[in-house]
1. Can you name the number of the only condition in (1) away from ligand 1 (no atom under 11 Å from the Cβ); (2) touching a residue at least 60 places away in the same chain (Cβ under 8 Å); (3) part of a loop (DSSP other than H, G, I, E, B) that THR48 fails?
2. Among the residues of segment 13-45 satisfying the criterion of being acidic (Asp, Glu) and touching a residue at least 60 places away in the same chain (Cβ under 8 Å), which is nearest to ligand 1 (Cβ to nearest atom)?
3. For PRO179, which of the numbered conditions (1) within 13 Å of ligand 2 (Cβ to nearest atom); (2) part of a loop (DSSP other than H, G, I, E, B); (3) loosely packed, with under 13 Cβ neighbours inside 10 Å fails to hold?
4. Does THR18 satisfy the criteria of being away from ligand 2 (no atom under 13 Å from the Cβ), touching a His at 6+ places or on another chain (Cβ under 9 Å) and over 15 Å from ALA136 (Cα atoms)?
5. Could you figure out which of (1) polar (S, T, N, Q); (2) farther than 21 Å from GLY161 by Cα; (3) within 16 Å of ligand 2 (Cβ to nearest atom) isn't true of SER247?
6. So, in segment 51-92, how many residues would count as being aromatic (Phe, Trp, Tyr) and in contact (Cβ under 8 Å) with a residue 40 or more places away in the chain?
7. Give me a count of the residues in segment 73-108 that are in a helix (DSSP H, G or I) and either of a type in the set (Ser, Thr, Tyr) or within 27 Å of ALA280 (Cα to Cα) (or both).
8. Restricting segment 1-56 to residues that are aromatic (Phe, Trp, Tyr) and within 30 Å of ALA210 (Cα to Cα), which is surrounded by the fewest Cβ atoms within 10 Å (Cβ to Cβ)?
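The values are calculated or read from the model by the stated rules, or taken from the named source; none is laboratory data. Computed from a predicted structure; not experimentally measured. Positions of Cβ are generated from backbone atoms using ideal geometry, with glycine treated the same way; all protein chains shown enter the neighbour counts.
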Amino acid sequence: MPIVEEARAKINLALHVTGRRADGYHDLDMLVAFADVGDSVTLATSDTDRFTIDGPMAAGLSADADNLVLRAVQGFRERIGPTEPLSVRLIKRLPVASGIGGGSADAAATLRGLCRLQGIDANDHALASLALSLGADVPMCLAGQPARVTGVGERIEPTAGQLAFGLLLVNPRVGVSTPAVFRALERRDNPGLPALPALGTIDDLSTFLAEKTRNDLEAPARAIAPVIGEVLAALGSLPGIRLSRMSGSGATCFGLFADRSSAEAAGARLEADHPNWWVAPASTTL
Ligand SMILES: C[C@@](CO)(OP(=O)(O)O)[C@H](O)COP(=O)(O)OP(=O)(O)OC[C@H]1O[C@@H](n2ccc(N)nc2=O)[C@H](O)[C@@H]1O
Ligand SMILES: Nc1ncnc2c1ncn2[C@@H]1O[C@H](COP(=O)(O)OP(=O)(O)O)[C@@H](O)[C@H]1O
């Protein structure tokens with residue numbers, strides 16, 4: 001029986017850059033949620049190894065050994081244990097290199113699927129270390145829960161997940177290189193997030209995010225891809241929007257809405273004005 005794992009989009013509701021380590025990686029302090037839109041990874045045992053990519057964003061990606069799905073399979077075989085030959089299918093729906101961790105979510109979904117196939121506990125210590133070796137975002141995508149995340153991405157404190165709200169994800173179909181954005185930062189010693197207050201309503205959340213938090217990567221990303229400013233302006237003018245911000249290193253931006261149907265209505269309006277942008281309404285929790 002094939003195993004299907006969802007690779008949900010990761011949204012950085014807040015991202016503070018608090019330092020830089022000797023190895024060049026940055027210390028971050030983030031509030032992260034997972035949207036109910038994403039890629040899918042299907043795994044099945046087979047007579048020989050196969051990997052295919054399809055879906056609306058497949059054209060941006062090649063099915064070679066560098067693909068994070070295959071790197072996850074190879075890492076699993078080297079560090080966790082051998083597997084039968086595998087047929088793996090990636091349905092790519094998320095834009096590539098877009099600040100919502102599509103590749104990281106694919107790697108994490110592949111690892112979750114392999115654990116199910118092999119009967120291994122996904123909380124295994126060796127698996128956590130393999131996840132981090134595949135990318136700083138992979139551990140949180142493996143956990144797949146809303147969380148405050150620190151370190152380079154390896155320290156994960158899940159939040160309650162009780163507050164449900166809507167999101168509108170918008171990407172102008174411009175890929176942004178994560179290392180280039182980190183390189184272009186002006187300051188790397190910004191204050192971290194304050195202690196999270198009780199966030200019982202969407203108003204509590206949007207007020208907290210707007211008044212106390214930032215995405216420190218937004219300014220350098222906008223310098224590299226000025227269209228991000230247009231996306232934020234377009235989001236900010238939509239009815240029902242509570243907050244607009246860039247996710248990760250961009251260029252995807254998100255709008256916060258009370259619920260999914262408000263995000264859908266706003267999304268229809270945005271799509272009419274910007275038919276070439278990728279626009280995805282979603283639900284999430286924090
Ligand atoms: C910025 C974030 C925020 O969630 O998201 P995305 O924009 O990728 O979605 C992540 O930290 C990205 O994580 P991920 O994409 O897995 O990063 P990696 O492959 O490990 O690293 C790519 C490059 O980003 C930089 N990098 C990444 C993470 C980090 N804490 N400090 C860094 O300086 C390094 O230049 C590194 O070479
Ligand atoms: N399965 C994958 N999906 C997306 N990108 C991938 C994948 N495998 C490798 N990559 C590479 O990883 C880089 C980051 O991709 P992605 O995770 O989509 O970006 P981000 O983390 O900024 O959202 C891209 O340059 C892409 O070429």
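1. All conditions are met except number (2).
2. ASP27
3. The one condition PRO179 does not meet is (2).
4. On the way: away from ligand 2 (no atom under 13 Å from the Cβ): yes; touching a His at 6+ places or on another chain (Cβ under 9 Å): yes; over 15 Å from ALA136 (Cα atoms): yes.
Considered against the rule, which asks whether it is away from ligand 2 (no atom under 13 Å from the Cβ), touching a His at 6+ places or on another chain (Cβ under 9 Å) and over 15 Å from ALA136 (Cα atoms), THR18 comes out as yes.
5. (2)
6. So the first thing to find is which residues in segment 51-92 are aromatic (Phe, Trp, Tyr), and the list is 51, 76.
Then drop every residue that is not in contact (Cβ under 8 Å) with a residue 40 or more places away in the chain, which leaves 76.
Within segment 51-92, residues that are aromatic (Phe, Trp, Tyr) and in contact (Cβ under 8 Å) with a residue 40 or more places away in the chain number 1.
7. Initially, segment 73-108 is screened for residues in a helix (DSSP H, G or I), giving 73-79, 102-108.
With either of a type in the set (Ser, Thr, Tyr) or within 27 Å of ALA280 (Cα to Cα) (or both) added as a condition, the list becomes 102-108.
Residues flagged as in a helix (DSSP H, G or I) and either of a type in the set (Ser, Thr, Tyr) or within 27 Å of ALA280 (Cα to Cα) (or both) within segment 73-108 amount to 7.
8. Narrowing segment 1-56 to residues aromatic (Phe, Trp, Tyr): 25, 34, 51.
Of the ones still in play, those that are also within 30 Å of ALA210 (Cα to Cα) are 25, 34.
Working: TYR25: 14, PHE34: 27.
Within segment 1-56, the match that is surrounded by the fewest Cβ atoms within 10 Å (Cβ to Cβ) is TYR25.
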